[in-house]
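Peer 1: Below is one structure. I have some questions about it.
The values are calculated or read from the model by the stated rules, or taken from the named source; none is laboratory data. Since this is a predicted model, take the numbers as computed values, not measurements. Heads up, the Cβs are rebuilt from the backbone with ideal geometry, glycines too, and the neighbour counts pull from every protein chain shown. Surface accessibility is based on the protein's heavy atoms, side chains included, excluding ligands, DNA and RNA. Shrake-Rupley method; radii C 1.70, N 1.55, O 1.52, S 1.80 Å.
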Number of protein chains: 2
Amino acid sequence: MELADRIEAYLTGKLYPFWYQRVTAPEGGFTTYFDRNGKPTGQTDKTIIQQTRSIFMLSHAIRNGYGAGKAEALLKPGLDWFLKTFRDHEHEGWLWIVDKDGNPVSTDKIMYGQSFVIYCMSECALATKDERARRTAEDTFTLVQKYAADTAYGGYREMFLRDWQPRPGGAYGGDRKSFDVHMHLMEAYTTLLELTGAEIHRRKLLEVIDVLWSKMFHAPTWTGISQFSLDLKPLPAIMFKTVWGSDRDNEGEPRPLNNTSYGHNIEFLWLFLHALSVLGISPDPWKEKLRALARHTVSYGVDSEFGGVFVEGPHDGPARDMQKEFWQQAESLVGLLDCYLLFNERVYWDAFRKVFDFVWSKMINHDVGEWYALLERDGTVKWDYLGHAWKNNYHTTRSMVQTLRRPREISRRGMET
Amino acid sequence: MELADRIEAYLTGKLYPFWYQRVTAPEGGFTTYFDRNGKPTGQTDKTIIQQTRSIFMLSHAIRNGYGAGKAEALLKPGLDWFLKTFRDHEHEGWLWIVDKDGNPVSTDKIMYGQSFVIYCMSECALATKDERARRTAEDTFTLVQKYAADTAYGGYREMFLRDWQPRPGGAYGGDRKSFDVHMHLMEAYTTLLELTGAEIHRRKLLEVIDVLWSKMFHAPTWTGISQFSLDLKPLPAIMFKTVWGSDRDNEGEPRPLNNTSYGHNIEFLWLFLHALSVLGISPDPWKEKLRALARHTVSYGVDSEFGGVFVEGPHDGPARDMQKEFWQQAESLVGLLDCYLLFNERVYWDAFRKVFDFVWSKMINHDVGEWYALLERDGTVKWDYLGHAWKNNYHTTRSMVQTLRRPREISRRGMET
């Protein structure tokens, strides 16, 4: 079977069904807490990331013809519940975590979450023409401009209390900016622009791209730097105290300043190319920078021995953290194919295959359908759950939808595979 | 008669009556077109600056006890007319110029004008508790964050088409930022913060102050630079093509890059001190910069021969344009007294007297009440009209209200005069 067909069969036969059968929480909204066998773990809190990613997953499926008559029926009540439950009627914006019945658990305004509201509501409006979703996307965009834009230094502040007062500094994140959040704003604004075509959405997309390229990359490797002061000076990355943060090393020393995430770099690359395509702008002016980023990913990020993509390492040498995270694999698949399409250099196809084969043989729990969370370098399962507060359906389903298109395009162009 | 009493008698006996008798246009809204004798000039277009400045003038009078039972009655219908006529229902924000009956003449969205909406509506809400004024101030603030904030470089874009698309560059101003507009945003946000006490208004005030001090001054003289590229690099100042711009040299060569406006510098100084006082922040950290600015004004801006303040000159030498504009005199009076209060150095009182005596003997048309527009260095009247599209009531009445308080404070502190 052709690669694209194999992915599509897995996506429609296993991955989407995994979520379609499980994503609706009995009490309303979506749930994404599942163990390695796809059984509920018993956790019940609802996070903004979990809800918005599930809305995105269903909307993206519908837009791409994978709704199977099911996604529409799941989306509507989940959207209703989200809009009713997560909206902060007192201070505007969206809560961070509620309990299973919708009572606030963490009310901070975290830009990462607000950004996913814009993203999923735009995707939902594009998929279903739902007017509330469109209005919610536009209104949340405006809120972000009002409360989070930094008119002193450019870019956005990222962590606020419920009333949009910046959180304290340090581990509370009130005095930091990040590559991650600005990249996700680029992602969200791209889909918002696709929806509205509005000049202001186009302009803010161009501005956040400008901040990313001019402040958030390490030259000349053109690999991402993780964290910054408010005035956009690079800082050694620390873990933030959010009620859930990353699962990985939530305590301990900051990371070295000379550090970059292979997954973020390659995810940025394809999201940026997608943004340019929505903007109608040629990638040519950025091609040499993108090539540097792509080469760095292939040279240091892709594991030539076991396959897959490492976690992170320095801007200028071999990887330091050689574990394999699910989301970095998911985004690399898309990004490496985009590199092949952009540069027409065989090395990117080969790198893609190294990641794909690792994902297919090690990362995916084929018995159940979803991907494990974290593997050791050699593919031994380290964290075996299939879903939690933020490890859920957005990275994996989007990756499969986006990945399977690209070999078809590559073949259409007559490129070697 | 004490100086303060003399000013107060002039303000209440001549200046306010001048405007109270004339400011209401027969067809609604406010008019400010008056010749040297206070007769209507026949011009009838209504500008956003004229309307908002008149709303400010009446509100400021009421807040300070100079309404004389008249300002309230004039304010209400003028406010109604403005809100009905100038609001752009299609694209949000406020029109630039309408004809006498309210039909749009110039629909561009100019930040200078939007800023005065925030300022006058905040002052109006503080004076009258009018709920529409409060809401309009807050909503316009939000619009400005959405459409004008520059999330790439910080600060604000200043000139837009009706739909908030930036105007073209060059003389259309779409690719420039200015000291003037950022100073007026500081002024507007200060009064908005006074009204609401909201953290977001406080934060944006601090941010615009940061942009002003970190990007818009010439060090070490700490005198203002007029214009900048979007990325806040100084540029030689040009005149912008707005339907009305400055009256002065609307054509011709750009000004030299080494150029500063004495009036803007000293106006900034007192508006900044006022902002700090509303913020509850001590001026101590800025004292040496403010001293440099103040000394530059006294050394080069104040005319030791004829009195008054010159128009402009280099950052580091004697004035080049030695004419005397009405607004520069008005703002210098307040600013020089604030310098005396801040530094307790006699030189600022003496400079104030040189400007005040010039204003009193040359600038004010005592027969009628208002000030002439522009004088030659020696006080010969060059432009004799008392009011037009933007030369009207805000600078002169505010100056008199603010100026007369300060000698009383100086005397209360037992300082020498």
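Peer 1: Identify, from the list B:A125, B:A152, the residue that is in contact with a Gly (Cβ under 7 Å, 6 or more places away or on another chain), more than 29 Å from B:P40 (Cα to Cα) and modelled with pLDDT of 95 or more.
Peer 2: Only one candidate qualifies: B:A152.
Peer 1: Shifting gears a bit: List pairs: first residue in the stretch B:369-390 and touching a residue at least 60 places away in the same chain (Cβ under 8 Å) and under 19 Å from B:G307 (Cα atoms), second residue among the acidic types (D, E) and part of a strand (DSSP E or B) anywhere in the structure, Cβ distance under 7 angstrom, at least six positions apart or on different chains.
Peer 2: Filtered contacts from the stretch B:369-390: B:L374/B:E325.
Peer 1: Determine if the stretch B:191-209 includes at least one residue that is modelled with pLDDT under 95, touching a Lys or Arg at 6+ places or on another chain (Cβ under 9 Å) and farther than 30 Å from B:V105 by Cα.
Peer 2: no
Peer 1: Mind checking which residues of the stretch B:183-211 are more than 10 Å from every other protein chain (Cβ to nearest Cβ) and in contact with a strand residue (DSSP E or B) (Cβ under 9 Å, 6 or more places away or on another chain)?
Peer 2: B:M183
Peer 1: Keeping to the stretch B:178-221, report how many residues are among the hydrophobic types (A, V, I, L, M, F, W, C) and more than 20 Å from the chain's Cα centre (by Cα).
Peer 2: As a first pass, look at the stretch B:178-221 and keep what is among the hydrophobic types (A, V, I, L, M, F, W, C): B:179, B:181, B:183, B:185-186, B:188, B:192-193, B:195, B:198, B:200, B:205-206, B:208-209, B:211-213, B:216-217, B:219.
Now narrow it down to the ones that are more than 20 Å from the chain's Cα centre (by Cα): B:198, B:200, B:219.
Adding up the residues that qualify gives 3.
Peer 1: Can I ask one more? Does A:T242 fit the bill of being surrounded by 15 or more Cβ atoms within 10 Å (Cβ to Cβ), modelled with pLDDT under 95, within 22 Å of the chain's Cα centre (by Cα) and on the phi < 0 side of the Ramachandran plot?
Peer 2: The answer is yes for A:T242.
Peer 1: Also: Quick one: how many residues across the stretch B:171-185 are within 17 Å of B:Y153 (Cα to Cα), part of a helix (DSSP H, G or I) and of a type in the set (D, E)?
Peer 2: 0
Peer 1: Additional query: Kindly evaluate A:S332 against the criterion of being of a type in the set (S, T, N, Q) and assigned to a helix (DSSP H, G or I).
Peer 2: Numbers: of a type in the set (S, T, N, Q): yes; assigned to a helix (DSSP H, G or I): yes.
Against the criterion (of a type in the set (S, T, N, Q) and assigned to a helix (DSSP H, G or I)), A:S332 qualifies.
Peer 1: From the list B:S226, B:S214, which one is small (G, A, S), open to solvent by 10 Å² or more (accessible area, probe 1.4 Å) and within 14 Å of another protein chain (Cβ to nearest Cβ)?
Peer 2: Going through B:S226, B:S214 in turn, the sole match is B:S214.
Peer 1: Collect the residues in the stretch B:20-59 that are farther than 23 Å from B:K129 by Cβ and part of a helix (DSSP H, G or I), keeping them in residue-number order.
Peer 2: B:Q21, B:R22, B:I48, B:I49, B:Q50
Peer 1: Something else: Return yes when B:G317 is closer than 20 Å to B:T260 by Cβ, more than 18 Å from the chain's Cα centre (by Cα) and open to solvent by less than 10 Å² (accessible area, probe 1.4 Å) and no when it is not.
Peer 2: yes
Peer 1: I need every pair where a residue in the stretch B:277-305 that is hydrophobic (A, V, I, L, M, F, W, C) has its Cβ under 6 Å from the Cβ of a residue that is part of a helix (DSSP H, G or I) and open to solvent by 80 Å² or more (accessible area, probe 1.4 Å), sequence separation at least 6 or different chains.
Peer 2: Close Cβ pairs satisfying both conditions: B:V302/B:K354.
Peer 1: Let me ask you something else. Under 6 Å by Cβ, and 6 or more places apart or on different chains, what pairs join a residue from the stretch A:192-205 that is closer than 10 Å to A:L279 by Cβ with one that is surrounded by fewer than 20 Cβ atoms within 10 Å (Cβ to Cβ) and basic (K, R)?
Peer 2: A:L193/A:R202
Peer 1: Whether any residue in the stretch B:139-149 is within 14 Å of another protein chain (Cβ to nearest Cβ), of a type in the set (S, T, Y), free of Cβ contacts under 8 Å to residues at least 12 places away in the same chain and crowded, with 21+ Cβ neighbours inside 10 Å is what I want to check.
Peer 2: no
Peer 1: All but one of (1) outside any loop (DSSP other than H, G, I, E, B); (2) touching a strand residue (DSSP E or B) at 6+ places or on another chain (Cβ under 9 Å) hold for B:Y348, so report the exception by its number.
Peer 2: (2)
Peer 1: Of the residues A:S59, A:S106, only one is hydroxyl-bearing (S, T, Y) and within 21 Å of the chain's Cα centre (by Cα); which?
Peer 2: A:S59
Peer 1: Same structure again: Suppose we filter B:K362, B:K287 for residues that are in a helix (DSSP H, G or I) and surrounded by fewer than 20 Cβ atoms within 10 Å (Cβ to Cβ); which single one remains?
Peer 2: Exactly one of B:K362, B:K287 is in a helix (DSSP H, G or I) and surrounded by fewer than 20 Cβ atoms within 10 Å (Cβ to Cβ), namely B:K287.
Peer 1: Out of the stretch A:159-180, which residues are away from chain B (no Cβ under 13 Å), buried (at least 22 other Cβ atoms within 10 Å of the Cβ) and modelled with pLDDT of 95 or more?
Peer 2: Within the stretch A:159-180, A:M159, A:R176, A:S178, A:F179 meet the criteria.
Peer 1: Moving on to the next point. More than 19 Å from A:Q165 (Cα to Cα), open to solvent by 10 Å² or more (accessible area, probe 1.4 Å) and under 19 Å from the mean Cα position of the chain (by Cα): is that true of A:L126 in this structure? If you could, list the steps in order and put the result at the bottom.
Peer 2: Values: more than 19 Å from A:Q165 (Cα to Cα): yes; open to solvent by 10 Å² or more (accessible area, probe 1.4 Å): yes; under 19 Å from the mean Cα position of the chain (by Cα): yes.
Against the criterion (more than 19 Å from A:Q165 (Cα to Cα), open to solvent by 10 Å² or more (accessible area, probe 1.4 Å) and under 19 Å from the mean Cα position of the chain (by Cα)), A:L126 qualifies.
Peer 1: So which of B:L58, B:L79, B:L3 ends up being of a type outside the set (K, R), crowded, with 21+ Cβ neighbours inside 10 Å and farther than 15 Å from B:Y394 by Cα?
Peer 2: Only one candidate qualifies: B:L79.
Peer 1: If you don't mind, there's one more thing I want to ask. Quick check: is even one residue across the stretch A:157-178 free of Cβ contacts under 8 Å to residues at least 24 places away in the same chain and within 20 Å of B:L232 (Cβ to Cβ)?
Peer 2: No, the conditions are met nowhere in the stretch A:157-178.
Peer 1: Further question on the same structure: Return only the number of the condition from (1) within 14 Å of chain B (Cβ to nearest Cβ); (2) touching a helix residue (DSSP H, G or I) at 6+ places or on another chain (Cβ under 8 Å) that A:I110 does not satisfy.
Peer 2: The failed condition is (1).
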